[in-house]
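First the structure, in the form of structure tokens, and then the observations on it.
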Amino acid sequence: MESMRVVVIGAGYVGLTTGMALAHVGHFVHFIDTDSSKISLLREGRPPFHEPGLVEMLEMNVQRTSFHEKVGEFVGGADVIMVAVGTPPKASGEADTSFVEEAATEVTKYLREGTNYTIVIKSTVPIGTNHKIAELIRRLLKKQKIETHVHVASNPEFLREGRALRDALYPDRIVVGAFDPIAAGMLRKLYLPILNQDFQAPPSIPRPNNFPSPQLITTDPASSEMIKYAANAFLATKISYINEIAGLCEKVGADIIEVSRGVGLDPRIGPDFLNAGLGWGGSCFPKDTLAMLSMGSEFGYEMPIVEATRTVNYMQRANVIRKLQQELGPLRGKTVGILGLAFKPGTDDVRDAPALDVIRKLLELGAYVRVHDPVALGNAREVLGSDADLEYCNDAYDVAEEADALVLATEWPEYKQLSLERLIGAMRRKLIIDGRNFLPSGVVRELGCKYVGMGRRI
Ligand code: NAD
């Protein structure tokens with residue numbers, strides 16, 4: 001394979017993991033991030049966030065990676081420049097693409113005369129952004145009086161936090177949106193080892209058995225941008241749909257676990273994303289569904305399915321509070337333990353995590369709250385801050401101490417290993433609200449504790 005010189009702008013969940021995968025398959029990757037604390041950690045070989053396999057990948061690929069706080073002359077020598085900065089929601093719900101524009105403006109300053117560059121937009125961006133970035137670069141180059149060839153391509157990312165490196169090395173598909181055959185060709189070359197699966201798998205992230213070559217889908221930029229939004233909104237809808245059914249199960253005496261199993265075995269539906277619970281959070285589904293609504297409203301186009309998906313999702317958080325009130329009456333002065341703060345297991349990301357909203361509401365209602373997470377305690381503390389009524393516990397058993405109820409908010413596999421006897425034994429009142437239908441309800445009940453799931457038959 002031909003090694004390429006790659007620059008990745010934004011060393012976050014997407015940029016760092018994608019760039020490390022590209023380095024692992026043989027490319028040379030310069031990472032740039034304006035967050036100097038992130039760069040300092042990376043230079044020491046320490047990951048700035050929790051992601052399985054990242055420590056090993058940083059170590060294995062140290063010769064093919066470098067980390068920078070600023071764009072510099074080295075950008076001029078790149079073949080591919082990948083933009084993976086954040087696109088957070090504005091107050092209006094629209095995705096803010098100013099970081100993408102900033103990154104494109106910065107790199108353009110260092111492009112060399114008479115060279116070929118492919119600039120890849122990996123961030124999730126509203127439809128039309130690739131076109132806008134191409135135009136922005138064209139104007140800047142004209143002002144700089146530099147004649148060079150810049151090809152802009154969309155290449156949305158589908159990785160899942162908690163298994164990001166696995167997804168980057170063994171993706172389901174790679175989507176490229178480009179009108180320009182040169183950009184499409186460069187991306188094919190960049191991903192060739194991943195498309196052919198002919199690289200040596202890292203020991204900590206082995207290739208799944210019988211893993212097929214992923215498909216490369218080449219399309220126009222607008223369709224490529226839309227594929228990302230449509231995929232995320234569909235997944236979010238699937239979860240909200242099963243949560244809505246779970247609510248009805250509670251009314252009519254059906255059990256959502258049985259229902260999901262029976263429904264998911266239909267190959268047209270599939271079993272994934274049919275787990276009822278506290279709903280989705282994180283940095284993608286909330287902001288991407290919001291951005292879709294905003295794009296629709298630009299055209300006066302209503303999107304009632306996406307809107308309902310969001311409504312149902314946020315109702316789940318309120319449902320947990322309602323369940324606690326039903327069991328405990330007023331929550332003022334009650335102690336509630338929360339197991340899990342990350343928006344899902346395998347990550348320390350707490351952006352729009354359901355647990356955090358539940359905690360905020362409990363504090364507002366006058367409860368004492370004790371919380372634990374295997375890796376996200378620090379990030380949660382940064383968001384929630386200190387509060388006399390909120391205690392961060394390093395040990396999962398500590399959250400149960402004199403608790404009137406426990407809420408399981410994130411289904412960390414570690415929580416399956418806890419001694420329920422010890423956990424329940426420490427509680428003042430024996431009540432578990434299982435926000436993820438994760439704990440063995442029978443065992444909990446045998447230990448004399450009330451078990452309340454989401455959509456479960458009581
Ligand atoms: P992140 O916040 O983890 O990382 C973004 C990084 O970009 C930060 O470290 C920030 O310091 C840096 N940055 C911002 N402006 C910069 C600039 N001008 N120059 C250099 N660095 C800059 O975000 P993320 O979760 O990696 O998401 C990045 C994009 O990918 C978003 O558009 C997101 O929607 C999309 N995406 C995220 C995921 C996910 O699971 N996190 C999955 C698919 C797509």
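Within region 274-365, considering only helices (runs of 4 or more DSSP H) that don't extend past its boundaries, which have at least 3 residues that are under 27 Å from Ile257 (Cβ atoms) and touching a Leu at 6+ places or on another chain (Cβ under 8 Å)?
304-328, 354-364
Can you name the number of the only condition in (1) within 19 Å of Thr118 (Cα to Cα); (2) in a helix (DSSP H, G or I); (3) β-branched (Val, Ile, Thr) that Val55 fails?
(1)
Do the conditions hold for Thr115, that is, is it more than 16 Å from the ligand (Cβ to nearest atom) and either under 30 Å from Trp412 (Cα atoms) or in contact (Cβ under 8 Å) with a residue 12 or more places away in the chain (or both)?
When the stated conditions are applied, Thr115 passes them.
Tell me, please, whether a residue that is over 16 Å from Ala21 (Cβ atoms), modelled with pLDDT under 95 and not basic (Lys, Arg) can be found in region 73-83.
yes
For residues that are away from the ligand (no atom under 16 Å from the Cβ) and touching a residue at least 60 places away in the same chain (Cβ under 8 Å), scanning just region 24-56, find the one that is nearest to Val120 (Cα to Cα).
This residue is His27.
Can you find a residue that is in contact with a strand residue (DSSP E or B) (Cβ under 6 Å, 6 or more places away or on another chain) and under 21 Å from Ile127 (Cα atoms) anywhere in region 188-203?
Looking for residues that are in contact with a strand residue (DSSP E or B) (Cβ under 6 Å, 6 or more places away or on another chain) and under 21 Å from Ile127 (Cα atoms), one finds none in region 188-203, hence no.
Let me spell it out: the conditions are (1) touching a helix residue (DSSP H, G or I) at 6+ places or on another chain (Cβ under 8 Å); (2) closer than 22 Å to Pro48 by Cα, and Leu362 meets all of them except one. Which number is the exception?
(2)
So, Lys90, is that one more than 9 Å from the ligand (Cβ to nearest atom) and under 21 Å from the mean Cα position of the chain (by Cα) or not?
yes
Let me spell it out: the conditions are (1) crowded, with 18+ Cβ neighbours inside 10 Å; (2) among the basic types (Lys, Arg); (3) in a loop (DSSP other than H, G, I, E, B), and Lys38 meets all of them except one. Which number is the exception?
(3)
Among the residues of region 308-331, is there at least one that is within 16 Å of the ligand (Cβ to nearest atom), of a type in the set (A, V, I, L, M, F, W, C) and under 24 Å from the mean Cα position of the chain (by Cα)?
There is no residue in region 308-331 that is within 16 Å of the ligand (Cβ to nearest atom), of a type in the set (A, V, I, L, M, F, W, C) and under 24 Å from the mean Cα position of the chain (by Cα).
When region 238-273 is examined, which residues are found to be closer than 30 Å to Ala84 by Cα and part of a helix (DSSP H, G or I)?
Lys238, Ile239, Ser240, listed by residue number.
When you look at Val252, is it within 30 Å of Val452 (Cβ to Cβ), out of contact with any Phe, Trp or Tyr (no Cβ under 9 Å at 6 or more places or on another chain), at pLDDT 95 or above and not assigned by TED's automatic domain parsing to the domain that holds Arg310, yes or no?
yes
Which numbered condition trips up Val6, out of (1) more than 14 Å from the ligand (Cβ to nearest atom); (2) in a loop (DSSP other than H, G, I, E, B); (3) crowded, with 18+ Cβ neighbours inside 10 Å?
The one condition Val6 does not meet is (2).
Can you tell me which of (1) crowded, with 18+ Cβ neighbours inside 10 Å; (2) hydrophobic (A, V, I, L, M, F, W, C); (3) more than 9 Å from the ligand (Cβ to nearest atom) is the one Val71 doesn't meet?
That leaves (3) as the condition not met.
For region 179-219, name all the residues that are in a helix (DSSP H, G or I), without any contact (Cβ under 8 Å) to a residue 60 or more places away in the chain and either farther than 24 Å from Val150 by Cβ or in contact with a Pro (Cβ under 8 Å, 6 or more places away or on another chain) (or both).
Hits for region 179-219 are Leu195, Asn196.
Could you grab me the full set of residues in region 121-133 that are of a type outside the set (Gly, Ala, Ser), more than 12 Å from the ligand (Cβ to nearest atom) and outside any helix (DSSP H, G or I)?
Residue satisfying the conditions is Ile127 alone.
What are the residues in region 134-156 that are in a strand (DSSP E or B) and in contact with an Asp or Glu (Cβ under 6 Å, 6 or more places away or on another chain), if any?
His151, Ser154
Has region 119-132 got any residue that is at pLDDT below 95 and either over 30 Å from Lys344 (Cβ atoms) or under 27 Å from the mean Cα position of the chain (by Cα) (or both)?
no
Considering only residues that are surrounded by fewer than 20 Cβ atoms within 10 Å (Cβ to Cβ) and among the β-branched types (Val, Ile, Thr), which ones fall in region 160-191?
Ile182
Go through (1) in contact with a helix residue (DSSP H, G or I) (Cβ under 8 Å, 6 or more places away or on another chain); (2) surrounded by fewer than 22 Cβ atoms within 10 Å (Cβ to Cβ); (3) of a type outside the set (D, E, K, R) one by one and return the number of the condition Gln215 breaks.
For Gln215, the failing item is (1).
The values are calculated or read from the model by the stated rules, or taken from the named source; none is laboratory data. Owing to the predicted nature of the structure, the values given are computational and were not obtained by experimental measurement. Neighbour counts run over all protein chains shown; Cβ positions are idealised from the backbone, glycine included.
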